[in-house]
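First comes the structure, then the notes that go with it.
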């Protein structure tokens with residue numbers, strides 16, 4: 001089920017879509033685009049918008065403008081663990097309305113549909129570029145360049161941008177940086193060129209000018225998404241890895257000692273692991289919607305969601321896989337150490353995350369736990385790191 005829903009929902013008046021739980025991300029983007037709208041969604045075609053994506057918060061190319069995916073939910077229909085089918089909104093089961101938006105999946109009920117806020121379609125410009133070590137660029141120079149990139153994160157997020165980047169290190173002396181997408185909403189190519197010119201000038205002054213620089217303009221989210229993240233990048237049965245992650249807080253950028261410690265931890269982890277992935281964004285405040293929800297409060301102070309991977313061969317034994325997973329957890333500890341009180345995105349997190357209650361849910365956990373006992377005292381719904389799973 002996917003249909004435009006113009007009805008008023010509580011105090012909200014504006015464009016909205018009612019979406020069945022089985023509808024996938026690409027279908028939502030296509031329908032929204034056909035009626036001149038964009039939605040806050042993810043960057044994979046098969047994401048179930050009404051499933052774990054919104055239940056975990058949901059980051060998006062539009063989040064630096066409009067907030068997280070969970071913030072956009074106006075109402076839901078769910079089947080409770082006791083079998084009742086109920087409608088949930090600001091005024092109907094308001095406690096569940098709070099919990100279902102960011103409080104984790106497989107916990108309070110089975111969502112069958114939801115209504116989300118939509119927005120007028122805006123143009124998008126995507127920038128990609130690279131830089132790295134070579135015969136004339138040392139590893140130290142490369143990491144100076146990374147510090148320049150990371151220094152832009154507050155201003156870029158505040159301008160409504162969203163970037164997906166990576167650092168690859170074949171060895172300590174051989175590293176490269178790449179942007180899969182620097183996504184600038186409502187920017188032209190000329191405007192984005194002007195915006196990133198100071199960074200590009202600083203990199204060039206280091207003797208490391210950006211390479212493979214490409215700008216591409218699109219009329220909205222759908223065309224930007226399908227071109228930038230083509231279908232052949234979404235495959236199954238090929239991955240022999242999993243990731244762990246950390247939310248890097250804005251306040252680290254506001255304290256020189258914290259920023260230096262964070263930079264060192266990122267550098268060492270990337271060299272050790274060989275690959276580091278990350279995003280630059282913010283969960284924007286949006287007065288047009290109700291953002292009082294169960295999203296981990298750490299998201300509201302986040303400028304980067306950054307990931308490492310545990311990797312093993314196709315022929316790896318169970319013991320070898322376990323060893324790789326253990327090493328990932330150990331490597332991520334340095335990130336936890338430099339981001340005390342922050343957290344991790346539960347959809348892209350270490351399955352062995354220590355203290356998952358704090359990392360995934362933050363200070364919301366006691367309230368979520370109490371609601372779990374109220375609506376599912378039998379433990380009908382369960383996931384390894386879901387609320388109440390420790391019982």
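The values are calculated or read from the model by the stated rules, or taken from the named source; none is laboratory data. No experiment lies behind these values; they were computed from the predicted model shown. Using ideal geometry, Cβ is built from the backbone for each residue, glycine included, and neighbour counts are taken over all protein chains shown.
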For residue 51, all conditions in the list (1) in a helix (DSSP H, G or I); (2) farther than 28 Å from residue 219 by Cβ; (3) modelled with pLDDT of 95 or more hold save one; what is the number of the exception? (3)
Could you go through the stretch 63-78 and let me know if any residue there is touching a helix residue (DSSP H, G or I) at 6+ places or on another chain (Cβ under 7 Å), free of Cβ contacts under 8 Å to residues at least 24 places away in the same chain and assigned to a loop (DSSP other than H, G, I, E, B). no
Give the stretch 125-139 a look and list any residue that's more than 14 Å from residue 270 (Cβ to Cβ) and surrounded by fewer than 20 Cβ atoms within 10 Å (Cβ to Cβ), or say none. 128, 130, 134, 135, 136, 137, 138
Contacts under 7 angstrom Cβ, first residue in the stretch 251-266 being farther than 25 Å from residue 169 by Cα, partner part of a helix (DSSP H, G or I) and at pLDDT 95 or above, 6 or more apart: 251/301
In the stretch 344-391, what residues are under 21 Å from residue 330 (Cα atoms), in a loop (DSSP other than H, G, I, E, B) and in contact (Cβ under 8 Å) with a residue 24 or more places away in the chain? 344, 345, 349, 350, 351, 352, 353, 354, 384, 385
Residue in the stretch 102-119 that is part of a helix (DSSP H, G or I) and within 20 Å of residue 299 (Cβ to Cβ) present: no
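For (1) surrounded by 13 or more Cβ atoms within 10 Å (Cβ to Cβ); (2) out of contact with any helix residue (DSSP H, G or I) (no Cβ under 8 Å at 6 or more places or on another chain), each residue gets a yes or a no:
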{"position": "179", "(1), (2)": "yes, yes"}
{"position": "188", "(1), (2)": "yes, yes"}
{"position": "199", "(1), (2)": "yes, no"}
{"position": "219", "(1), (2)": "no, yes"}
{"position": "231", "(1), (2)": "no, yes"}
{"position": "253", "(1), (2)": "yes, no"}
{"position": "257", "(1), (2)": "no, yes"}
Got a sec? Which of 83, 160, 105 is under 24 Å from the mean Cα position of the chain (by Cα) and either outside the structural domain of residue 229 (by TED's automatic domain parsing) or crowded, with 23+ Cβ neighbours inside 10 Å (or both)? 105
With the first residue restricted to the stretch 10-36 and required to be within 24 Å of residue 93 (Cβ to Cβ) and outside the structural domain of residue 92 (by TED's automatic domain parsing), and the second required to be buried (at least 17 other Cβ atoms within 10 Å of the Cβ) and modelled with pLDDT of 95 or more, Cβ contacts under 6 Å at 6 or more apart or on different chains are none
Identify all residues within the stretch 120-151 that are part of a loop (DSSP other than H, G, I, E, B) and out of contact with any strand residue (DSSP E or B) (no Cβ under 6 Å at 6 or more places or on another chain); write none if there are none. 123, 135, 136, 138
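When you scan the stretch 326-340, do you find a residue that is under 14 Å from residue 56 (Cα atoms) and either in contact (Cβ under 8 Å) with a residue 12 or more places away in the chain or surrounded by 22 or more Cβ atoms within 10 Å (Cβ to Cβ) (or both), even just one?
Residues of the stretch 326-340 that are under 14 Å from residue 56 (Cα atoms), as a first pass: none.
So far as the stretch 326-340 goes, no, none of its residues is under 14 Å from residue 56 (Cα atoms) and either in contact (Cβ under 8 Å) with a residue 12 or more places away in the chain or surrounded by 22 or more Cβ atoms within 10 Å (Cβ to Cβ) (or both).
Does the stretch 86-101 hold any residues that are buried (at least 24 other Cβ atoms within 10 Å of the Cβ) and over 23 Å from residue 298 (Cβ atoms), and which are they? Give the derivation first.
Start the filter on the stretch 86-101 by keeping residues that are buried (at least 24 other Cβ atoms within 10 Å of the Cβ), which leaves 88, 99-101.
Within the stretch 86-101, 88 is the sole residue that qualifies.
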